[in-house]
Ligand SMILES: Cc1ncc(COP(=O)(O)O)c(C=O)c1O
């Protein structure tokens, strides 16, 4: 067998995988239409159309588009009246914005550990984290796998919590036949460059509550109110508006989403048995209540071995497999949370995730069967030469 690419051998694959983002003439025409319309900003009719169509697809009555997913979380928190003195429970396995949005409105993020199987907020840990100050919870549908909304809604209702679903990874995902982002008071979406639908940047708050929708829209549009005068400002707001360009591109991306979700699901089930049979990796465990997994990320756990995760990923990347990653540590270890109560070790499942798990980015799941076979071959090659890899790493030749 040829030696590992990381040790100077030939890689399994030199061809690039499918590029992301995917676009065609429909995005090009959409951008041109906005250009020619002369209305380029947040009042473009494309913005209102996108809000309507995205919200309808995601089974919410209202959609309020914003400049990005971070602002979507901040807007939802602000519209819910969360602020100083309030605590908001968040998981530690997520992007930093889930927790810093809480800081941005002056409230305190409280981290509760993840579930060992789904990697989502553990309902049991959520229940334990609730104090008299807790006002809200932000479950993240991590990787596109919906969080346990049955349990989270039940606990939240018992404690009167506002539920803001962070659905940045979960466009089109379904829990018990219902769209992620439609269960809580708010659903928050991102359309940043890497997401399953993108306009480079962008975000949206979904809600089915008319009063919350009005407050969110006002927060996102300089404190204006629907039907109010242009220079009438009824609350503290800002300019979070999405542009016409982005909305037009996102309308085209939304059309493509259902077929892409299907293709990712097909490829994920193909990978499942193949990765399992390598004996070194555990593919994602999908809760039977998940009808549609968003597969923004395909999460993989390494079975116990001497091979450190990061060395394994470096070896796979050298074999020509892109899009692999993981969080280096739970987000509460970041300096920005100094002074808040969480320490390394507080969330053992999150810590374990950061040692043992990695993800494969969603565009790999849009590849063809032969591309996926290369991925599996690379895993097998690294598995079979783990001893050489470890020796190479300790001699400094695995670079
Ligand atoms: C889970 C999660 N929440 C929120 C965000 C923030 O979205 P944005 O980058 O659009 O601000 C991201 C990532 O980008 C994310 O992955």
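The values are calculated or read from the model by the stated rules, or taken from the named source; none is laboratory data. All values reported here derive from a predicted model rather than from experimental measurement. Cβ coordinates were reconstructed from backbone atoms using ideal geometry, including for glycine residues, and neighbour counts include every protein chain displayed.
Quick look at the numbers
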| quantity | calculated |
| --- | --- |
| Subset of segment 333-351 (residues that are in contact with a strand residue (DSSP E or B) (Cβ under 9 Å, 6 or more places away or on another chain) and either in a helix (DSSP H, G or I) or at pLDDT 95 or above (or both)) | 337, 347, 349, 350 |
| Tally of residues being more than 16 Å from the ligand (Cβ to nearest atom), more than 20 Å from residue 239 (Cβ to Cβ) and touching a residue at least 24 places away in the same chain (Cβ under 8 Å) across segment 36-57 | 5 |
| Residue within segment 130-146 that is more than 16 Å from the ligand (Cβ to nearest atom) and touching a helix residue (DSSP H, G or I) at 6+ places or on another chain (Cβ under 8 Å) present | yes |
| Checklist (1) without any contact (Cβ under 8 Å) to a residue 12 or more places away in the chain; (2) closer than 26 Å to residue 145 by Cβ applied to residue 335, failing item | (2) |
| Segment 184-196, subset assigned to a loop (DSSP other than H, G, I, E, B) and buried (at least 24 other Cβ atoms within 10 Å of the Cβ), residue farthest from the ligand (Cβ to nearest atom) | 184 |
| Single match in 89, 66 (criterion: within 30 Å of residue 355 (Cα to Cα), touching a residue at least 40 places away in the same chain (Cβ under 8 Å) and either crowded, with 23+ Cβ neighbours inside 10 Å or away from the ligand (no atom under 12 Å from the Cβ) (or both)) | 89 |
| Residues satisfying the stated conditions in segment 112-124, i.e. without any contact (Cβ under 8 Å) to a residue 60 or more places away in the chain and either closer than 21 Å to residue 86 by Cβ or crowded, with 20+ Cβ neighbours inside 10 Å (or both) | 120, 121, 123 |
| Count of residues meeting criterion [surrounded by fewer than 23 Cβ atoms within 10 Å (Cβ to Cβ) and either in a helix (DSSP H, G or I) or touching a residue at least 40 places away in the same chain (Cβ under 8 Å) (or both)] in segment 218-235 | 1 |
| Scan of segment 92-121 for residues that are more than 16 Å from the ligand (Cβ to nearest atom) and either in the same structural domain as residue 282 (by TED's automatic domain parsing) or in contact with a strand residue (DSSP E or B) (Cβ under 6 Å, 6 or more places away or on another chain) (or both), ordered by number | 107, 108, 110 |
| Residue match in segment 150-164 (condition: under 24 Å from residue 217 (Cβ atoms) and within 9 Å of the ligand (Cβ to nearest atom)) | no |
| Qualifying residue in segment 253-276 (condition: touching a residue at least 60 places away in the same chain (Cβ under 8 Å) and assigned to a loop (DSSP other than H, G, I, E, B)) | no |
| Enumeration of residues in segment 310-332 that are touching a helix residue (DSSP H, G or I) at 6+ places or on another chain (Cβ under 8 Å) and in a helix (DSSP H, G or I) | 311, 312, 314, 315, 316, 318, 331, 332 |
| Which listed residue is more than 22 Å from residue 142 (Cβ to Cβ), more than 16 Å from the ligand (Cβ to nearest atom) and not assigned by TED's automatic domain parsing to the domain that holds residue 65, from 208, 218, 269, 277 | 277 |
| Pairs, first within 13 Å of residue 76 (Cβ to Cβ) and touching a residue at least 60 places away in the same chain (Cβ under 8 Å) in segment 139-167, second in a helix (DSSP H, G or I) and within 16 Å of the ligand (Cβ to nearest atom), C-beta under 6 Å, six or more apart | 164/76; 166/98 |
| Only one of 393, 317, 378, 386 that is free of Cβ contacts under 8 Å to residues at least 12 places away in the same chain and surrounded by 17 or more Cβ atoms within 10 Å (Cβ to Cβ) | 317 |
